[in-house]
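Shown next, in structure tokens, is the structure this report addresses.
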Amino acid sequence: MSNPFFEPLADTGIPDFPAIRFEHYREAFDRGFEQQREEVHAIASNPEAATFANTLEALENSGSLLTRVEDVFWNLTSSDTNDELQALECEIAPQASAHRSGIYANVQLYARVRAVREVEESLSPEQEQLLEETLRTFIRAGAELTDAQRSRVSAITEQLAVLCTRFGQNVLKDNNDYALILHSQDELAGLPDYVLEMGRDEARARGMNDAYVFTLSRSSITPFLQYADNPALREEIYRAYSSCGTRSVDNRPLIREIVALRSERAALLGFASHADFMLDDRMAKTAVAVRELLDKVWQPCQEQVSKEAVALAECAGLASEHELVPWDWWYYTEKLRQERFDLDPDEIKQYFKLENVRDGVFEVANKLYGIVFRERADLPLYHPDVQAYEATEADGTLIGYFLFDFYMRSSKRSGAWMSEFRAQSYNGQRAAPVIVNCCNFPKSEPCLLGVDEVRTLFHEFGHGLHGLLSNVRYASLGGTNVKQDFVELPSQIMEHWAMEPEVLKSYARHVQTDAPIPDALISKLKASEQFNQGFATTEYLAACYLDLAWHSDPDAGARDVEEFEAQALQDIGKTPLIDPRYKGTYFQHIFSGDHYSAGYYVYIWAQVLDADGFEAFKERGLFDPATASAFRTQILERGGTVDPMTLYRAFRGRDPEVTPLLKNRGLL
């Protein structure tokens with residue numbers, strides 16, 4: 001059988017998944033590496049004077065085969081992996097890192113790129129941006145270092161690729177190795193029907209017909225902690241979650257090695273710490289600026305969380321809030337929520353059938369941007385659970401393709417994310433993007449979502465729109481290829497529409513009667529939006545501070561992991577009642593790759609933008625055509641072709657203000 005990666009790609013851009021066999025990956029990677037090496041050599045050794053076309057555009061267009069196989073391989077190692085793929089992933093990760101390092105450590109190629117800047121050539125703004133970003137990439141890869149230093153930077157980056165891959169695989173293994181298996185009614189006391197059904201479905205999927213199984217997936221552990229009356233079981237599953245990465249595996253040595261190597265690389269590149277190195281290429285620029293924002297939110301947040309703790313202690317009948325323990329916070333919070341707002345979790349979920357929420361987010365996109373989504377059951381897909389849609393403009397013009405992979409499974413890593421199987425570009429002809437949204441909702445029939453899961457779906461769809469509506473020439477500048485602290489703006493602003501009464505009335509319909517969600521229930525949901533925000537903000541910010549601590553201290557790699565994190569949390573005065581959202585041993589954002597390292601703060605940074613930006617829609621109308629058009633053309637379509645704050649000002653007409661964020665979180 002011929003290798004499908006060597007065959008022409010279908011016009012849709014969707015890979016021929018059914019034709020791909022495991023052995024095709026290795027063969028395609030080897031040929032892809034070799035082809036791009038030859039292309040880069042030809043660019044670097046070109047005897048003609050360097051121009052934008054024969055250097056920058058040629059480099060941008062190189063490696064097309066490698067990109068094709070990488071787009072499939074790295075997506076599937078996250079969403080549908082197996083032992084063979086994981087073993088190959090450990091081989092490919094360092095090779096891919098070394099290959100990239102070889103390109104950006106090429107002194108001859110770097111000289112040609114620099115020469116383009118010195119040529120008086122008329123370039124478009126997007127071409128100017130590509131030139132500047134390419135130069136920055138070379139410099140950050142060590143192009144201006146000595147040969148020995150550059151070689152060491154490349155070796156470190158290659159080693160980090162191996163360690164980060166192992167870290168992520170360890171988290172997946174530890175998650176999959178744990179299951180809370182229950183049988184008796186005493187063990188199940190307090191759990192509402194939808195949680196019981198979820199536990200029963202998970203047990204059946206594991207071949208256990210007389211049991212209920214709960215896992216460390218957020219969609220499983222969170223409702224268990226909220227409703228299970230048995231405190232010992234709440235403690236057991238909570239401790240299992242918070243010790244992930246230390247049970248069947250041990251990620252602590254990996255953390256120390258990753259942190260030490262990142263610190264060494266930063267020093268070689270002239271930075272005081274890995275945080276300084278990463279932030280130099282973000283909107284925030286400095287760790288001081290990040291800490292200023294975190295501190296600005298942390299102080300009012302701690303005042304709010306103290307009030308919440310007192311209220312929970314009263315609800316639990318405790319003499320003092322100091323008698324609370326972390327695994328009880330969710331439970332008594334839910335009791336208090338029901339007491340204050342009369343919210344029945346079973347009743348709420350009846351209005352959030354997965355298919356209705358999906359159609360609701362489609363309708364929002366249609367009202368804002370005129371996009372029409374049509375299901376395509378004829379397209380090849382990588383898993384039976386995946387759904388495919390064709391996205392067009394109102395006039396029928398093709399935009400791209402959108403894949404949904406909603407359900408949790410053991411072959412998929414935890415969390416939710418957006419990715420792409422083909423990026424949008426326009427280089428001779430338009431390449432339509434192929435976008436995928438992955439979630440981890442429990443697979444059941446019907447699949448009913450909680451409010452947080454509804455927001456997750458809207459959030460990831462916002463990322464998806466960023467990739468889908470990209471309208472740039474060069475793929476490396478398109479879609480979500482923006483500064484890391486800007487990338488969450490399109491996703492987080494999308495969340496705001498999910499709970500707007502006008503939008504809820506259109507998609508939140510009862511699973512049995514199809515009746516729209518009643519106004520009384522909408523009022524309760526709106527009234528409870530700021531409830532428990534002290535807790536939610538504290539667990540998130542604590543993880544942000546941990547991330548900065550690991551990557552600001554050059555000597556952190558020599559420290560004991562638990563002691564280091566305990567000290568970092570003590571330094572900010574964190575209450576012992578609330579753990580950070582992630583501890584180091586399962587903090588995949590920062591240790592499964594470089595992308596979010598020293599960057600977990602980006603969600604709160606972008607929340608300043610999304611809260612302020614959504615005010616424009618509230619002022620002018622949720623679906624005001626002019627405001628929606630401005631957001632599409634100035635934010636979603638432009639990718640990384642322009643400085644992000646310049647784009648935001650073009651949309652909003654001014655700099656963002658922090659007040660709407662504090663107001664939304666009830667922290668004013």
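The values are calculated or read from the model by the stated rules, or taken from the named source; none is laboratory data. On a predicted model such as this, the values are computed, not experimentally measured, just so you know. Ideal geometry is used to build each Cβ from the backbone, glycine not excepted, and the neighbour counts take in all protein chains shown. These area figures cover heavy atoms from the full protein model, side chains too; ligands, DNA and RNA do not enter into them. Shrake-Rupley method; radii C 1.70, N 1.55, O 1.52, S 1.80 Å.
The table below lists the values:
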item	result
Hits among lysines - C-alpha to C-alpha of K296 under 16 Å, sequence gap 8 or more where chains match	K574, K663
Antiparallel bridge percentage (DSSP; both residues within the chain; nearest 5)	80
Span from the the range 7-67 Cα centroid across to the the range 146-200 one, whole angstrom	33
Protection proxy ranking of 365-374, 534-543 - average other beta-carbon atoms within 10 Å, highest first	534-543, 365-374
Relative contact order of the chain, defined on C-alpha pairs under 8 angstrom at six or more residues apart (%)	16
Kirkwood hydrodynamic radius (C-alpha pairs) into Stokes-Einstein, the range 510-668, 20 °C and 1.002 mPa s, D in µm²/s	114
Mean-position separation - Cα centroids, the range 350-378 and the range 454-502, in angstrom	15
With DNA, RNA and ligands ignored, accessible area of F623 (1.4 Å probe; Å², nearest 10)	40
The chain: DSSP helices with Cα axial extent of at least 30 Å and average Kyte-Doolittle hydropathy no lower than -0.5	83-104, 287-316
Residue-averaged [θ]222 nm for the chain, counting only DSSP H segments that reach four residues, each worth -39500 (n - 2.57)	-18000 deg cm²/dmol
Solvent exposure, largest accessible area first (probe 1.4 Å, DNA, RNA and ligands not counted), of E334, E144, E355, E118	E118, E144, E355, E334
The range 1-83: GluC sites (Glu not before Pro) falling in loop per DSSP and having at most 15 other Cβ within 10 Å	E48
Options (i) 26.3; (ii) 27.1; (iii) 31.7 - which one matches Kirkwood radius over Cα pairs in Å as calculated here	(i)
Distant-in-sequence amide H partners of F441 (H built 1.01 Å from N, under 5 Å)	Y407, M408
As computed over the range 38-169, the Cα convex hull volume per residue (Å³)	119
